[in-house]
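Read the structure below first, then the notes.
The values are calculated or read from the model by the stated rules, or taken from the named source; none is laboratory data. Here the structure is a predicted model, which is why all the values come from computation and not from measurement. Heads up, the Cβs are rebuilt from the backbone with ideal geometry, glycines too, and the neighbour counts pull from every protein chain shown.
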Amino acid sequence: MANPNSENENGWIERVKEEGAVPLLEPENCPNGWASPPGDIFRVRGPEYFLTKVKIPGGEYLLKPLGFDWIKGPTKISEVLKNPKNRVRKALDDEFPTGNKPCVWAFNLQVPSKDNYSAIAYFVATEPIPDGSLMDQFLKGDDGFRKSRLKLIANIVKGPWFVRKAVGEQAICLIGRALTCQYYVADNFIEVDIDIGSSMVASAIVHLAFGYLTTLTVDLAFLIESQTESELPERILGAVRFSELNAAAARPVELSSGGSAANSQSSLPTRFWNSIGQGFSNLVSGAHESNSVSSSSHVNGVVDPEHSGKETIPLLRLIWSSSSSGPPAGGDSVVNEERTSFSYKKEGQWTRLMASGILVQQMPDMDTVGTLINQVGATIHVS
């Protein structure tokens, strides 16, 4: 693996960072752009985590930020670094036409939508990766190892309160266990294509957030989970912040023989999302943050397996919103573990809200008790 000198590093890396359609800006003020947030805002497992459960600031990243792309295609976009026309791949090939090249890491978040959006964060290793390290094992190991280790930390820095509540603060997820991922490894790059549409829960949260995309500032950190004491403390591979993106500004890409795309979206029926969209428009307009219920033990999203015995992912729930500060007497709400329906309970009677429509006629007392999809509540166990 290459160890680029400072001239190369200050040259081609900076050019790639600056040349994207989404501008590189400062983390404190990056509207319509992207940035590299400070590592210490993320909490990772400390050197004695398995004894104390104490997490520490993330510190310096293992990889350098290389770029961010916000693109869309005729079908779901995948294997972007296999495409010689990809701007990052082209810059790498032009800068290092022969010999060793630095290793590029790409994380491609495939957004479930009819327009096939992808948000892609690129990072690069400018130093040799130590033999036997977690990074080395991730590159050389099989997909089973990658699935069990790749972790995402997500945080909504700025946005509507109900979106922040749905995602939680510093939500953590072992990506490969919660979502379908494809891993593409070559001599000088690794790409992880993350199909958000493969999870109904993740799809619901993303569809909620997507409606407020131009108001959101989002931090995403990628790391390889430490699962033994000798692997501690955890180190973050890299992180990206994007802010106030516009769906209309996504750059269209053409697929070539070097890249590929999935044939279909892993998403729920359109009428379900239309229903959710109508529900939010009708229900959220009169809601206030003071009407939300108190947080639960899972308010921060996915908890570590050591705490719960199982990996968990956040699930949207229905809560009651009225003139009072919580559910009416005798009522509460949960989400069942079926992938096709939500349920809530009021005064001992269950009502099921099927995926074909979140707003159903059976919902009682709409004039006096509104409902609001709001908070991470119950959890689904992931094997």
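Worth a mention:
- Tally of residues being among the basic types (Lys, Arg) and under 26 Å from residue 247 (Cα atoms) across the range 112-150: 1
- Qualifying residue in the range 272-289 (condition: at pLDDT below 50 and within 17 Å of residue 155 (Cα to Cα)): no
- Residues located in the range 125-145, provided they are modelled with pLDDT of 95 or more and among the charged types (D, E, K, R): 131, 136, 140, 142, 143
- Within the range 64-89, being crowded, with 20+ Cβ neighbours inside 10 Å and of a type in the set (Val, Ile, Thr) holds for 71, 77, 80, 88.
- Residues of the range 48-84 that are aliphatic (A, V, I, L, M), part of a loop (DSSP other than H, G, I, E, B) and in contact with a helix residue (DSSP H, G or I) (Cβ under 8 Å, 6 or more places away or on another chain): 62 alone.
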